[in-house]
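The values are calculated or read from the model by the stated rules, or taken from the named source; none is laboratory data. The model shown is predicted, which means the values in this text are computed figures rather than measured ones. We place every Cβ from the backbone using ideal geometry, glycine too, and count neighbours over all the protein chains shown.
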Amino acid sequence: MGKYGLKSVSVCLSVVPASLDVSPECEKTKRDSCLGFTLLELIFGILIVLTLAGIAMPLTADYLHKAKVDRAVLDIRTLEKEIILFEMEKGRYPGWPPTMLETMHEIGRDHFKDPWETPYQYRNLAQGPHAGSGKPKFCRRDRSYNPLNYDFDLYSVGPDRRVPTHQQITANKGADDIVRAANGRYVGVGAKF
């Protein structure tokens, strides 16, 4: 008891925030919206993702193929320069005597691989047994069956990786090859030459 005979009283007040939506329908709606996605929303979301993936996959594959072709063209140009420099220094193309006509061993590129992990193909046409006859015998040919090159053949067998490839570059196995043609004036896909 206190000084004046009064009991002490403590008062606890709790304030509950007033809600504007107090109807039972609104309370049910709020509760349901927090539960997650509906099945229909999930299906639409998956369909959108699958559609975007379906569009992106062919574009990505096409981009990767073009990048590999571009790398093969660049590699062939680099090898061509190395072969020509060798010829300027030694007076002949790599791959001599006739038993070594198909090798770039002398320039250290005998097992240099293209973007499809197949070694680049090379053949010395200028110093073979046919040299001086006008037309090289074992060279690859264009759609009119004319020799692609008179000095040396240099090409990648392309994405099909078929070795040996067809002698004519527009035929089945040779159409996808990345070739050096017209004595170096063209380097690209064989079917486009």
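Overview of values
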item: Count - residues of the range 84-99 that are within 24 Å of D177 (Cβ to Cβ) and out of contact with any strand residue (DSSP E or B) (no Cβ under 6 Å at 6 or more places or on another chain); result: 4
item: Which listed residue is of a type in the set (S, T, Y) and either part of a helix (DSSP H, G or I) or surrounded by fewer than 16 Cβ atoms within 10 Å (Cβ to Cβ) (or both), from Y93, Y145; result: Y145
item: Options G45, G36, G54: the member that is on the phi > 0 side of the Ramachandran plot, modelled with pLDDT of 55 or more and not β-branched (V, I, T); result: G36
item: Qualifying residue in the range 111-125 (condition: over 15 Å from the mean Cα position of the chain (by Cα), modelled with pLDDT under 95 and loosely packed, with under 11 Cβ neighbours inside 10 Å); result: yes
item: Any chance A53 is assigned to a helix (DSSP H, G or I), surrounded by 14 or more Cβ atoms within 10 Å (Cβ to Cβ) and within 26 Å of the chain's Cα centre (by Cα); result: no
item: Members of the range 153-177 that are under 10 Å from Q121 (Cβ atoms) and touching a residue at least 24 places away in the same chain (Cβ under 8 Å); result: D153, L154, Y155, S156, V157, V163, T165
item: Residue that is surrounded by the fewest Cβ atoms within 10 Å (Cβ to Cβ), among those in the range 150-188 that are assigned to a loop (DSSP other than H, G, I, E, B) and of a type in the set (S, T, Y); result: Y150
item: Selection within the range 106-126 - without any contact (Cβ under 8 Å) to a residue 24 or more places away in the chain, touching a Pro at 6+ places or on another chain (Cβ under 7 Å) and either over 18 Å from V163 (Cβ atoms) or assigned to a helix (DSSP H, G or I) (or both); result: E106
item: Residues within the range 136-192 that are more than 15 Å from V69 (Cα to Cα) and of a type in the set (F, W, Y), tallied; result: 4
item: Positions within the range 147-157 being touching a strand residue (DSSP E or B) at 6+ places or on another chain (Cβ under 6 Å) and closer than 28 Å to D62 by Cα, in sequence order; result: L148, D153, L154, Y155, S156
item: Residue in the range 65-82 that is in contact with a helix residue (DSSP H, G or I) (Cβ under 7 Å, 6 or more places away or on another chain), surrounded by 12 or more Cβ atoms within 10 Å (Cβ to Cβ) and β-branched (V, I, T) present; result: no
